[in-house]
Amino acid sequence: MLRHIRQAGPVPRIELADRTGISRATVTTITAELLSHGLIEEVARTDSSPDSRRGRPRVDLRIRGKAHLLAGMKLSDRKLSLVLMDFAGAELAELETRMPASTQSPGQLATEIGAALDRLTAQADRTLADLSGIGVGIAGVVEAARGFVYWSPSLSDRNIPLGALLSDHLGIPVFVDNDANLVAVAEQGFGLGRGRDDFIVVTIESGVGLGLVIGGTLYRGTRGCGAEFGHTKVHFEGALCRCGQRGCLEAYVADYALLREALTVPGAGDPGAGTEARMQALLSAARAGDASARSILDRSGRVFAMGLANLVNIFDPDLIILAGEQMQFDHLYADAVIEAMRRSIVQVDKPPPEVVIHKWGNLMWARGAAAYALDQVTDLALAGMADNAG
């Protein structure tokens, strides 16, 4: 019921009965309980018809924003991106801050996150203690159900119960998921995936991620390790990936992989320059006719096209969204790459999947993490109501 109100609200009780197929009497009982727990509120209907001015004032129901306060964050390289959101989904504050290192110990990361949350909540004249839940998006192999990180480039250690560690450190429930999954959550909730039951989000950042929505539901796999597109194998005993294995797609497509090969390209091979500056130098050199730079980017595009074609042949999605800050570099979504993908998919008498580019920044990833926390806190609130009723 709560999710129907969130999706449709403000909404009258009679419409909730129609939407859910539940009797009006039962809707009245359930919404009365939600009202008593402060999760929803009544608002006067904005109706100017003559009938609305007669008799008892008519009211609608909507989510009560003040019921809970949530935060969402995205970890990327040396940056933390955070948003603060109320229970109705309204954004109250945002923050981006630098971290001292791209890879940290779990304890160091917890300290950095706590300090950033203090700054974020202060913007809305709130404190860390006011939060009901925090969503965290992190690159790597994550089992979301228990917030367990098998491996992440952001952590110096493997096999970390990050959700529990952060919850203990902050004193607040923390919900951890792969960052690409949370991009898919954001796209489904308020992005290009709205109204689509089957779509794929491929994220291009310092690595390559995948969020997969099938039948309107995010797919994670039985161990939480599903949809690891960047670590699908494209070359037997191939290039070394930062995950420790060889031949992963990411080892031919990610920025660190390209720059590893660009040591002889002017500007791109300068370790003292930042990653973005080196990538720009690599692209500029390729456009200027540098044979080495052109060869690096061409191979990256061919591998990426092959990977996309494999996704289409396996899942047959309606839509492919290429997303992330690194989409400012156009070598992976050039017309030639997309056309190469289309040539490699199973050909039937129907058009291929639509491919769209969504050049959003890290704050949009953080909004997906906040939306994830919102869902989890909603479940906790409803479970608490059930326990009290029992």
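The values are calculated or read from the model by the stated rules, or taken from the named source; none is laboratory data. Just so we're clear, the structure is a prediction, and the values are computed from it rather than from any experiment. Virtual Cβ from ideal backbone geometry, glycine too; neighbours counted across all protein chains shown. Ligands, DNA and RNA are excluded from the accessible area calculation, which covers all protein heavy atoms including side chains. Shrake-Rupley method; radii C 1.70, N 1.55, O 1.52, S 1.80 Å.
Annotation: amide H-H contacts under 5 Å for Arg78 (H modelled 1.01 Å from N, sequence separation of 5 or more, or interchain): none. Panel values: the range 109-177, Kirkwood radius from alpha carbon pairs, Stokes-Einstein at 20 °C and 1.002 mPa s, translational diffusion coefficient 173 µm²/s. In a DSSP loop and with at most 12 other Cβ atoms within 10 Å, the chymotrypsin sites (Phe, Trp or Tyr not before Pro) in the range 172-244 are Phe236. If both residues of a DSSP beta bridge must be in the chain, then about 60% of such bridges are antiparallel. The alpha carbons of the range 220-300 stretch over 46, 24, 19 Å along the principal axes, in descending order. Axis angle, to the nearest 10 degrees, between helix 275-287 and the longest C-alpha principal axis of the chain: 50 degrees.
The residues of the range 249-390 present an accessible area of 46 Å² per residue when probed at 1.4 Å with all protein chains retained. Think of a 1.4 Å ball rolled over the protein heavy atoms: the range 1-152 then has 48 Å² of accessible area per residue.
Cα-based radius of gyration for the range 162-218, normalised by 2.2 N^0.38 Å, reads 1.33. Computed over protein heavy atoms with a 1.4 Å probe, the carbon and sulfur contribution to the accessible area of the range 266-323 reaches 50%. Compared with the rule-of-thumb size 2.2 N^0.38 Å for a compact globular protein, the chain has a Cα radius of gyration ratio of 1.10. The distance from the alpha carbon centre of the range 93-171 to that of the range 301-361 is 32 Å, rounded to a whole number. In the elastic network of the chain, a GNM with C-alpha springs shorter than 10 Å, the most mobile of Pro352, Pro153, Pro173 is Pro352.
Quick check: the distance between the Cα centres of the range 174-192 and the range 255-293, to the nearest angstrom? So the separation of the two Cα centres works out to 31 Å. Which percent of the accessible heavy-atom area of the range 174-262 goes to carbon and sulfur, probe 1.4 angstrom? Reported share for carbon and sulfur atoms: 50 percent. Net charge in the neighbourhood of Tyr372 (other residues with Cβ under 13 Å of its Cβ; Lys, Arg +1, Asp, Glu -1) is -2. The string of couplings for the range 181-198 from the Karplus curve (6.51, -1.76, 1.60, θ = phi - 60°) is 4, 6, 5, 4, 4, 5, 4, 5, x, 8, x, 6, x, 4, x, 9, 8, 9 Hz, one whole number per residue in order, with x for Gly and Pro. Sum up the charges of everything whose Cβ sits under 10 Å from the Cβ of Asn178, counting Lys and Arg as +1 and Asp and Glu as -1, but leave Asn178 out. Here the count lands on -3. The GluC sites (Glu not before Pro) of the range 61-112 include none that DSSP puts in a loop with a beta carbon having at most 14 other beta carbons within 10 Å.
Charged side chains reduced to their Cβ positions (Lys and Arg at +1, Asp and Glu at -1) give the chain a dipole of some 400 debye around its Cα centre. The C-alpha radius of gyration of the range 294-390, expressed as a fraction of 2.2 N^0.38 Å, stands at 1.57.
Ordered from highest to lowest accessible area with the whole protein assembly present and a 1.4 Å probe, Asp298, Asp125 read as Asp125, Asp298. Carbon-plus-sulfur accessible fraction, the range 1-140 (probe radius 1.4 Å, protein heavy atoms only): 47%. Applied to the range 357-363, the Karplus parametrisation 6.51 cos²θ - 1.76 cosθ + 1.60 on θ = phi - 60° returns per-residue 3J(HN,Hα) values of 10, 10, 8, 9, x, 5, 5 Hz, with x for Gly and Pro. Averaging 1/r over each pair of different alpha-carbon atoms in the range 158-297 and inverting the result gives 17.4 Å, the Kirkwood hydrodynamic radius.
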